[in-house]
Amino acid sequence: MIHGVSLLPLLGIAVIVVGFLLRLNPMLVVLAGALVTGLAAHLDANALLATIGTGFVQTRNLSLVLVLPLAVVALLERHGLRERAQMWIAGFPGATMDRVLIAYLGFRELTAAIGLSSIAGQAQMVRPLLAPLAEGAAATEGIALDDAALARLRAHCAAADNVGLFFGEDIFVAFGAVALMHEIVKSLGYDVAPMRIALWALPTALCAFAIHALRIVLFARRLRRTRA
Amino acid sequence: MIEALYALVGLVLAIVAAHTFADTAHPRRWTSGAFWLLFALTFLLGGRVPPQAIGVAVIAMALLAGFGGVRGGAHASGDAEARRASAVRLGNRIFLPALAISVVTLVYALLVPGGAFVGLGIGCIVAWLAALLVTRDTPLQSMREARRLIDALGWAAVLPQMLAMLGLVFTAAGVGKAVAAVATAYVDVNSLVVGVLVFALGMALFTIVMGNAFAAFPIMVGGIGVPVLVGVHHADPAVVAAIGMFSGYCGTLVTPMAANFNLVPVALLELEDRYAVIKAQAMTALPLLVCNIILLLVLVHR
């Protein structure tokens, strides 16, 4: 107990951290974490089951954005979508892999900043289009990618999408996160215009673009040195 | 409308389950099929049955996946030569259905504020029809291909929802209050530098644990951001809020708890290392967190 707050619920966090560090199956780790947390907080079996069920049903949109695009992308892949993306990018000799990734990072951050965060994503854009484009650009540059280098390039494709999305969306004043910040700060006694919160997201958003773009350039340079 | 789209997801998953049950060459067809069927049922029945029933289904799915019961079938991955020939024959037309998802989502989002998920769902339906038209393939084949990709994801497809569920259990159990109590009990947060460090690092660490900066925000802002940085040091609350949230996002970049961003792409891109995406992001997250701390220190005395 600290200041009258029970620390027992932190047991669940310990379960999660140890489970992830030992690389146990994440589904089991998360289940164990939820059960331990619930029991430590003295939730009875009925309330715990209800909390788990409600939480799962409330977050179905997370799987919606995964499953439905995959059903479209899968058929297109059978008919050569990824191959076509590689052929298309080969028509632009100036499209190096770092330029492809940085252009995508900028596109993702800018569109998220004007509220269009759902027009791209890992299932609908990164797997079917961005990854083949980046791989195609590397091939056009004459870089032979072995399995390890290919994996790192693909991981960078996923990273460009995440970084662009995270640090773009808080600039959009009508985004849920800005509303959340506004409400919470207001509940603490300070009524700040959402516009000003969005405005003060700009310095970090610019830093994020600069840092990540620089990392992409360095990554591409390293690949060129070792794999060309 | 969103309920109809959830039902559609449930239908796709039920077809995946049926194909899995019917796949006699599959090494674990009964347990894998049961896993996809349960997942389908959470979409078809969620909100209609008591939440406890969904809770039981979730636990059953976790046990099926956790003890190796969920495997992919053997898929004829198609012949690379045929795909190449088809890519040449179809030309850039093949991009149209893929881009239709984004375009329809965009148009819908502009017409109906707050309708992003519905827009995406409608976009996928339009794109699916366009894909059938462009490729002249059958709906049955499209479902076989969908099963190939969903099989490739395996239980990782369910992990984002599992973790989001865990976040809600954490909240219900008061984990946030306990973390804030620990974070503020032993340090002198009344010093500006210490206050900023505890606030920014606390946002990042708390987000790493919870997998979601939104869960960390009320606790860190209520515990330190407003009372100390704004109350004692007269910082601009807009600055504290915006940069505090971004400090949390630096945590999101490096936590496996944010499975939809960091673990699902590993499966989607068929990478060996479960933490490959996190490794690609870590060296962006760390300097960016330092930037946030510096920005906070500078802007407090604006």
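Hey, among B:Ala109, B:Ala127, B:Ala152, B:Ala131, which residue is open to solvent by 20 Å² or more (accessible area, probe 1.4 Å) and closer than 30 Å to A:Leu110 by Cβ? Working first, answer last.
Numbers: B:Ala127 fails: open to solvent by 20 Å² or more (accessible area, probe 1.4 Å); B:Ala152 fails: closer than 30 Å to A:Leu110 by Cβ; B:Ala131 fails: open to solvent by 20 Å² or more (accessible area, probe 1.4 Å).
Criteria check complete, one pass: B:Ala109.
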Filtered residue count, the range B:248-286, keeping only those that are of a type in the set (S, T, N, Q), closer than 17 Å to A:Ala160 by Cβ and more than 7 Å from every other protein chain (Cβ to nearest Cβ): 1
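Tell me the helices (runs of 4 or more DSSP H) entirely within the range A:11-122 that contain at least 2 residues that are within 10 Å of chain B (Cβ to nearest Cβ), crowded, with 20+ Cβ neighbours inside 10 Å and modelled with pLDDT of 90 or more. Don't jump to the end; show me each part of the working.
On the way: elements: A:26-40, A:45-58, A:61-78, A:81-90, A:97-113.
Once the helices (runs of 4 or more DSSP H) in the range A:11-122 are filtered for at least 2 residues that are within 10 Å of chain B (Cβ to nearest Cβ), crowded, with 20+ Cβ neighbours inside 10 Å and modelled with pLDDT of 90 or more, what remains is A:26-40, A:45-58, A:61-78, A:81-90.
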Check on B:Ala200, touching a residue at least 40 places away in the same chain (Cβ under 8 Å), open to solvent by less than 10 Å² (accessible area, probe 1.4 Å) and either assigned to a helix (DSSP H, G or I) or more than 7 Å from every other protein chain (Cβ to nearest Cβ) (or both): yes
Selection from the range B:34-58 of residues that are open to solvent by 40 Å² or more (accessible area, probe 1.4 Å), at the interface with chain A (Cβ under 8 Å from one of its Cβ atoms) and of a type outside the set (S, T, N, Q): B:Gly47, B:Pro50, B:Pro51, B:Ala53, B:Val56
Residue in the range A:169-188 that is touching a residue at least 24 places away in the same chain (Cβ under 8 Å), within 13 Å of B:Phe246 (Cβ to Cβ) and facing chain B (nearest Cβ under 7 Å) present: yes
Lone unmet requirement of (1) open to solvent by 50 Å² or more (accessible area, probe 1.4 Å); (2) in a helix (DSSP H, G or I) for A:Tyr190: (2)
Which numbered condition B:Gly195 misses (of (1) open to solvent by less than 10 Å² (accessible area, probe 1.4 Å); (2) modelled with pLDDT under 90; (3) more than 7 Å from chain A (Cβ to nearest Cβ)): (2)
Helices (runs of 4 or more DSSP H) wholly inside the range B:236-302 containing at least 2 residues that are in the same structural domain as B:Leu149 (by TED's automatic domain parsing) and either surrounded by 24 or more Cβ atoms within 10 Å (Cβ to Cβ) or free of Cβ contacts under 8 Å to residues at least 40 places away in the same chain (or both): none
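Looking only at the range A:144-187, count how many residues are of a type outside the set (A, V, I, L, M), in a helix (DSSP H, G or I) and surrounded by 17 or more Cβ atoms within 10 Å (Cβ to Cβ).
Keep residues of the range A:144-187 that are of a type outside the set (A, V, I, L, M), which gives A:146-147, A:152, A:154, A:156-157, A:161-162, A:164, A:166-170, A:172, A:175-176, A:182-183, A:186-187.
Add one more test, that the residue is in a helix (DSSP H, G or I), and what stays is A:147, A:152, A:154, A:156-157, A:161-162, A:164, A:166-169, A:176, A:182-183, A:186-187.
Then keep just the ones that are surrounded by 17 or more Cβ atoms within 10 Å (Cβ to Cβ); that gives A:152, A:154, A:156-157, A:161-162, A:164, A:166-169, A:182.
Summing the residues that are of a type outside the set (A, V, I, L, M), in a helix (DSSP H, G or I) and surrounded by 17 or more Cβ atoms within 10 Å (Cβ to Cβ) in the range A:144-187 gives 12.
Given the options B:Gly174, B:Gly223, B:Gly211, B:Gly167, name the one that is modelled with pLDDT under 90, on the phi > 0 side of the Ramachandran plot and crowded, with 20+ Cβ neighbours inside 10 Å. Please lay out each step first, then the result.
Values: B:Gly174 fails: crowded, with 20+ Cβ neighbours inside 10 Å; B:Gly223 fails: on the phi > 0 side of the Ramachandran plot; B:Gly167 fails: on the phi > 0 side of the Ramachandran plot.
Selected residue: B:Gly211, the only one of B:Gly174, B:Gly223, B:Gly211, B:Gly167 that is modelled with pLDDT under 90, on the phi > 0 side of the Ramachandran plot and crowded, with 20+ Cβ neighbours inside 10 Å.
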Test: residue in the range A:204-211 that is open to solvent by less than 50 Å² (accessible area, probe 1.4 Å), under 29 Å from B:Glu272 (Cα atoms), among the β-branched types (Val, Ile, Thr) and within 8 Å of another protein chain (Cβ to nearest Cβ): yes
Condition check for A:Glu141: open to solvent by 20 Å² or more (accessible area, probe 1.4 Å) and within 11 Å of chain B (Cβ to nearest Cβ): no
Candidate set from the range A:193-228 (those that are at pLDDT 90 or above and not in a helix (DSSP H, G or I)); member that is farthest from the chain's Cα centre (by Cα): A:Trp200
Top-ranked residue of the range B:178-187 - restricted to ones that are within 26 Å of the chain's Cα centre (by Cα) and in contact (Cβ under 8 Å) with a residue 12 or more places away in the chain, ranked as nearest to A:Gly33 (Cα to Cα): B:Val179
Subset of the range B:159-177 (residues that are within 7 Å of chain A (Cβ to nearest Cβ) and touching a residue at least 12 places away in the same chain (Cβ under 8 Å)): B:Leu159, B:Pro160, B:Met162, B:Leu163, B:Ala164, B:Met165, B:Leu166, B:Phe170, B:Val175, B:Lys177
Failed item in (1) more than 7 Å from chain A (Cβ to nearest Cβ); (2) assigned to a helix (DSSP H, G or I); (3) open to solvent by 30 Å² or more (accessible area, probe 1.4 Å), with B:Phe206 passing the rest: (3)
Filter pass, B:Val182 being surrounded by fewer than 19 Cβ atoms within 10 Å (Cβ to Cβ) and either at the interface with chain A (Cβ under 7 Å from one of its Cβ atoms) or on the phi > 0 side of the Ramachandran plot (or both): yes
Wholly within the range B:1-98, helices (runs of 4 or more DSSP H) carrying at least 2 residues that are modelled with pLDDT of 95 or more, in contact with a Leu (Cβ under 6 Å, 6 or more places away or on another chain) and not hydroxyl-bearing (Ser, Thr, Tyr): B:2-22, B:29-45, B:51-66
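The values are calculated or read from the model by the stated rules, or taken from the named source; none is laboratory data. Note that the coordinates shown come from a computational prediction; the quantities given were computed from them, not determined experimentally. Ideal geometry is used to build each Cβ from the backbone, glycine not excepted, and the neighbour counts take in all protein chains shown. Side chains included, ligands, DNA and RNA excluded: accessible areas come from the protein's heavy atoms. Shrake-Rupley method; radii C 1.70, N 1.55, O 1.52, S 1.80 Å.
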